[in-house]
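Step one of this worksheet: look at the structure below.
The values are calculated or read from the model by the stated rules, or taken from the named source; none is laboratory data. Since this is a predicted model, take the numbers as computed values, not measurements. Using ideal geometry, Cβ is built from the backbone for each residue, glycine included, and neighbour counts are taken over all protein chains shown. The protein model used for the area step is the full one, side chains on, heavy atoms only, and it has no ligands, DNA or RNA in it. Shrake-Rupley method; radii C 1.70, N 1.55, O 1.52, S 1.80 Å.
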Amino acid sequence: MLTQQILDGLSKFYPETILSVTILVIVFVELFFKKKTRVSGWIAMAGLAAAMLFTFLQVNIPAQTIFFQMVAVDPFSYFFKVLLILSGFLIVLFTFLSDEIRSSEFKTQEYYALLIALTLGGFLMASSVNLLMMYLALELSSLSSYVLAGYFKKSNRSSEAALKYVIYGGVSSGLMLFGISLIYGICGSLDMFAISAYLSANPVNLITLLIAIFLMLAGFGYKISAVPFHFWTPDVYEGSPMPVTALLSVSSKAAGFAMLIRFFLVAFQNAGHPTITTEGLHQYITLPGLHWPEVIAVIAVATMTLGNVVAIWQDNLKRLLAYSSIAQAGYMLLAFVVVSPQGISAMLTYLAVYLFMNLGAFFAAILISNKYKTENIEEMKGIGYRSPLLCVSMAVFMLSLSGIPMTAGFIGKFYIFSALINNGYIWLAIIGLMNSVVSLYYYIKILKNMFLIRPQGDTGAVSFGAGYSVLLLALAIPTIVLGIFFGPLTKFAEYSVQIFGLK
Amino acid sequence: MVNYFFLITLLPLIGFLVNGIFGYKIKNEKVAGIIGSGTILGSFIIALIAFFQLLGMPAEQRTITVTLFQWITAGSFNISAAYLIDPLSVVMSLIITGVGFLIHVYSIGYMHGDRGFARFFAFLNLFIFAMLNLVLGDNFLLMFLGWEGVGLCSYLLIGFWYEKKFTGDAANKAFWVNRIGDLGFMIAMFYILVNFGSLNFGAVFGAAGSSIAPGSTLITVITILLFVGATGKSAQIPLFIWLPDAMAGPTPVSALIHAATMVTAGVYMVARCSILFALAPFTMDLILAIGALTAFFAATIAVTQNDIKKILAYSTVSQLGFMFMALGAGAFSTGIFHVTTHAFFKALMFLGAGSVIHSMHEEQDVMNMGGLKNKMKVTFLTFLMGGIAISGIPPFSGFFSKDEILTNVYLSGNYLFFGLGVLTAFMTAFYIFRLIGLTFYGNPRYDEHKTHPHESPKVMTIPLIILAVLSVIGGFIGLPHIVGPNLIDHFLEPVFASARTILPVHHIEAGTEIMLIVISVFVAVVGIFLAYRAYAKAYKPEVSRNPVYNFVQNKYKVDEFYNAVIVTPLRMLSNLLYKFFDLIVIDGIVNGSGKFFTSLSGDWRKMQTGVIQDYAVISVAGIIAIIIFVLLVVK
């Protein structure tokens, strides 16, 4: 019986198994290389490709839990697995093409293994249905990212970033662990379904539960860089190697969102338990007085406003993108306030769109730093005339991030705002829109420097190899195409959130 | 089996992308030209296949919907990017791609040596792409996309020679005037969406046919707004003023966009929505009246113009008026028939005019031409064919469609407009043969030492010959009842079937029909005769002192009237608003909020101290604040 269940679980755990094996293979293979090599990068890509393949094979698998209710295999985790692999794949390519990493004196051995470990952590974050499992997954992903952030051991900036990241991550996960232990104390279980069942059947001390929930929020908030858990973000993003920053801004964030959504929707809503019903609009809330969507709304507004407002003053591109990614998390959280299939699927849609536009922006930043040796926006004057393809792509990413129509970012925002309006949160939609206006300022500022000011001094054309251009276009084209042809993506997102049985 | 029909629109798009993106690298004109015209030829062939496929189907079932993808899904609102292939859209597609192809080929010769050669072909391809989306779209939104797209291309091509100021002005004028029409179209679309819950043609027309009472306010408002859109795009009163100015663009553009295809978009749209218009008798009368008046006034202006392209432009406005007369009289298929024949002969005449202008070194004033018939034989003969066709001499194509329009107007009982139509037909014959007389007959009035007119190259004359043949025989697809079967009417019948069940049915007696034919031939012959006598001889231009003549020659001062009544007050108002509202209110808000956020940003970023202990403290404080917030405020 026991063996049977483990074997059954393993048969649905191929993508994760493959990633684990890939980590081991990379560590082993690297032992044989004295110098820097790309071999482990290729192995990482092969591992990701194989994991992708086996993930695709799970496309029609019925939603279920494996390993004694630890991990779920369902359309929701499937969506995030696809995103994470895609992002991991692109990051490996970024690493190949980044001069910053190429010129560093360090061996690459841990780098790719850690990258895969982070992806594996993300997989588990997206699919765990047990709080303990969830915590472990979070730690796996966090620990890998601490090391990745400090990959340039001899750079002060990088080391400082890593240290700050460790300390801050430690505090957050400590708070989260405290929250989990309180929940265990209240409900007597770490299983999300059991928690949901217990809460809906038994009276609990609301204050204790609230404290527990919001302590846990520290862990989620830190992963997705929501205010007031965002402080590490600018420092770490600025100090880390650029491909790592890109990875943190997309993969970690996506996995954090997955975890957040699953925790709140499974543990604190009544779907699947038809015996409990409360009246009114907030039908999803199991307990009267437990207003978590309102809290999320406040956090969302604070997050995007702070991100956008502080970004205005930044002139370091990486730091600007860090604040931008904080603001972007705010928009996504906004959709979470609407606990309905429309809201959650809007969130997922936005995440998918965000993957392309944000990675695109980071890749453009990598190329600028490769060729122009600068991260300062003021020093990017007129480079639009010297590298048109790069800067036009950058323009696409920037416009998309600010949500201009005909780009994917517009569609993402459109779905979020329409979900808000349809559910009566007009004020939130207005705040979101005003935030988009503010964000336009700093996104456009970059373009202004690139295009509206003629280059001074050296004005020669700076071009890139074909590989760079292809990857750039591979990110820019989806950013435009998804702005026009987005039916399949929204369908996919809607399908993925069906398992929560929201109405 | 039908999935490849999307290639009809895809090929021009590919042509646009190739010429648009790599155009600056294509040094060889032939390559750009062949890519540009080849893609259109491909579209034409596929449209032909679609046509024959429809012919092979039973008449009532001749509809193929090609769904490309789900475009927008938001709640109950659902729009697919889908093409509707039915007799009406196939006829339009054949005209667009067929005539379009010939004009593309002609342009290879006409644009030879132009710096923007590849750009020109890119824009032309983009135009064809947009126009095909307009006619093939199976919902209002896609149609609107095409509608706006052709407007954009028209703007880009009118101002193609952007170094000259007046081309830019003309392009702007066209764009703005069209915007007024587009606004009508958009509001109509919103009304339709709100009241029918869909923008899909099938759904809207089905619901309209079954649930809307004829003559209800709603349908009248919607159709009037749609018609406002049509008056913009198809240059009808009161929005016709942009079309003559649009002649600033290269001549092939005038032929393709401002004569044969884009300007007929309004006619197509009304025909497509025939069921809606049939339910609104008031709008139908309005269309008839506007059409007749436009036809008449534009023809009077055409008589007095001296710029060869302007004459043809006013002639186009006038002929579009004829098409709207047909629509207003409920003869939708006749309107489309006239679109078809007009596309042939008007494209022909524009291209012929282009050939003349080309050989006269950009001279456009007919007063400075004369006697060209021996120097440019092919151009002259083909132009003559076009002239006879537009005048309405049987068996040339224009005769059949124009006669059918007049017959239908007569049958609808609006004898006043019938009279105007006959008068216009007379003037049409007159002004076209005035043009032919002044250009090709009589004495040369240009400096024969400087200008040596010569026939254009084959790449230009062959399209002329093909169009001339079509202008001659094109009318046989729509013979009068007493002579033979009306093929085009029969082919289009299923599209207009539901509209026809609502509209009154007229039966025509053979005697009446013969009488009408005699009248329309008679006026045409008289017109030609008078023009020939007056202008096909040694002619000495003189400045007219007749105030009425000058008033008409100055286009009834409509531009000046609009300037005084609309533009100037608007400018004053906007200046006032600018000074008060923009500079004080808007700029105040914008700059104020800018300053506000910048200072806010300056303050907030100080929170990012860089000291990790601060971060941890703020985070924990944040959690405590949240808990207090939940306990005190939300509860």
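Please tell me the relative contact order of chain A in percent, rounded to the nearest whole number, where contacts are Cα pairs under 8 Å and at least six residues apart.
14
Quick one: grab the alpha carbon gyration tensor of the range B:66-115, order the square roots of its eigenvalues as a ≥ b ≥ c, and give me rounded if a/c is under 1.5, else prolate or oblate depending on whether a/b is larger than b/c.
Since a/c reaches 1.5 but b/c is at least a/b, the shape of the range B:66-115 is classed as oblate.
Mind checking B:623-629 for the average number of partner chain beta-carbons within 10 Å of each residue's beta-carbon?
The per-residue average across the peptide is 6.
Across peptide A:476-487, what mean number of C-beta atoms from other chains lies inside 10 Å of a residue's C-beta?
2
Name the trypsin sites (Lys or Arg not before Pro) in the range B:258-350 that are in a loop by DSSP and that have at most 13 other C-beta atoms within 10 Å, would you?
Sparse-neighbourhood loop trypsin sites (Lys or Arg not before Pro): none present.
Please list, in chain and number order, the residues 5+ apart from B:Ala82 or on another chain whose amide H is under 5 Å from its amide H, with Hs placed from the backbone.
Hits under the 5 Å cutoff: B:Leu68, B:Asp138.
Shape verdict for chain B, please, from the Cα gyration tensor: rounded (a/c under 1.5), prolate (a/b greater than b/c) or oblate.
Prolate.
Could you tell me, in Å, what Rg and Dmax come out for the Cα atoms of the range B:351-505?
Here Rg and the maximum Cα pair distance are 19.4, 65 Å.
Magnitude of the Cβ-charge dipole of the range B:2-553, K/R +1 and D/E -1, about the Cα centre, nearest 20 debye?
The calculated dipole for the range B:2-553 is roughly 1160 debye.
Of A:Lys154/A:Lys448; B:Lys25/B:Lys310; A:Lys164/B:Lys606; B:Lys233/B:Lys373; A:Lys445/B:Lys606; B:Lys233/B:Lys310, which sit over 24 Å apart, Cα to Cα?
As for pairs spanning more than 24 Å Cα to Cα, those are A:Lys154/A:Lys448; B:Lys25/B:Lys310; B:Lys233/B:Lys373.
Roll a 1.4 angstrom probe over the protein heavy atoms and tell me the percent of accessible area of chain B that is carbon or sulfur.
Whole-percent figure for carbon plus sulfur exposure: 69.
In Å², and per residue, what accessible area does the range B:560-632 have when probed at 1.4 Å with the other protein chains present?
That works out to 69 Å² per residue.
Show me A:74-83, B:563-572, B:454-463, A:249-258 ranked by packing, highest mean number of other Cβ atoms within 10 Å first.
Put in order of decreasing packing, that is A:249-258, A:74-83, B:454-463, B:563-572.
So for each of B:286-297, B:364-375 I average, over its residues, the number of other beta carbons within 10 Å; can you give me the resulting order with the highest mean first?
Sorting B:286-297, B:364-375 by mean packing, highest first, produces B:286-297, B:364-375.
List, by residue number, every residue in the range A:292-312 with a reduction of 10 Å² or greater in accessible area between the chain on its own and the complete protein assembly, 1.4 Å probe.
A:Glu294, A:Val295, A:Val298, A:Ile299, A:Thr305, A:Leu306, A:Val309, A:Val310, A:Ile312
Rounded to the nearest Å, what's the spacing between the alpha carbon centres of the range B:491-507 and the range A:92-157? Just the number, please.
Using only Cα atoms, the two centres lie 70 Å from each other.
With a point put 7 Å past each Cα toward its Cβ, work out how far B:Ala497 is from A:Glu379 in nm, to one decimal.
The two pseudo-label positions are separated by 7.3 nm.
Counting only other chains, and only Cβ atoms inside 10 Å, what mean value do you get across the residues of A:313-322?
Whole-number average of other-chain Cβ neighbours for A:313-322 is 1.
In nm, what is the difference between 0.36 nm times the number of residues separating B:Ala564 and B:Lys540 and their Cα-Cα distance?
Full extension of this stretch gives 5.1 nm more.
Work out, in µm²/s and without decimals, the Stokes-Einstein translational diffusion coefficient of the protein assembly as shown at 20 °C, 1.002 mPa s, Rh from Kirkwood over C-alpha pairs.
For these conditions, the coefficient is 64 µm²/s.
Could you tell me the distance between the Cα centroids of the range B:401-450 and the range B:563-635, to the nearest Å?
After rounding, the separation between the Cα centres reads 64 Å.
Please report Rg over Rh for chain A, where both radii come from the alpha carbon positions and Rh follows the Kirkwood definition.
Radius of gyration relative to Kirkwood radius: 0.96.
So how far, in whole Å, is the C-alpha centre of the range A:1-68 from the one of the range A:401-464?
37
Would you mind putting A:299-310, B:590-601, A:433-444, B:201-212 in packing order, based on average other-beta-carbon counts within 10 Å, highest first?
My ranking of the peptides, most packed first, is A:299-310, A:433-444, B:201-212, B:590-601.
Treat each spin label as a single point 7 Å out from the Cα along the C-beta direction, and report the B:Ala59 to A:Ser469 distance in nm.
5.7
Would you kindly compute the Cα radius of gyration of the range B:560-632 and its largest Cα-Cα separation (Dmax), both in Å?
According to the Cα coordinates of the range B:560-632, Rg and Dmax are 25.0, 74 Å.
What accessible area per residue comes out for chain A, rounded to a whole number of Å², with a 1.4 Å probe?
On a per-residue basis, chain A sits at 34 Å².
How large is the charge dipole for the range B:560-632, taken about the Cα centre, if only the Cβ atoms of Lys, Arg (+1) and Asp, Glu (-1) carry charge, to the nearest 20 debye?
80
What number results when the radius of gyration of the range A:12-145, computed over Cα atoms, is divided by 2.2 N^0.38 Å?
1.08
Which of the residues in the range A:216-250 show a loss of at least 40 Å² in accessible area from their chain by itself to the complete set of protein chains, at a probe of 1.4 Å?
Those are A:Pro228, A:Phe231, which lose 40 Å² or more relative to the chain on its own.
Provide the buried accessible surface between chains B and A in square angstrom, both chains summed, 1.4 Å probe, rounded to the nearest 100.
What B and A bury together is about 3200 Å².
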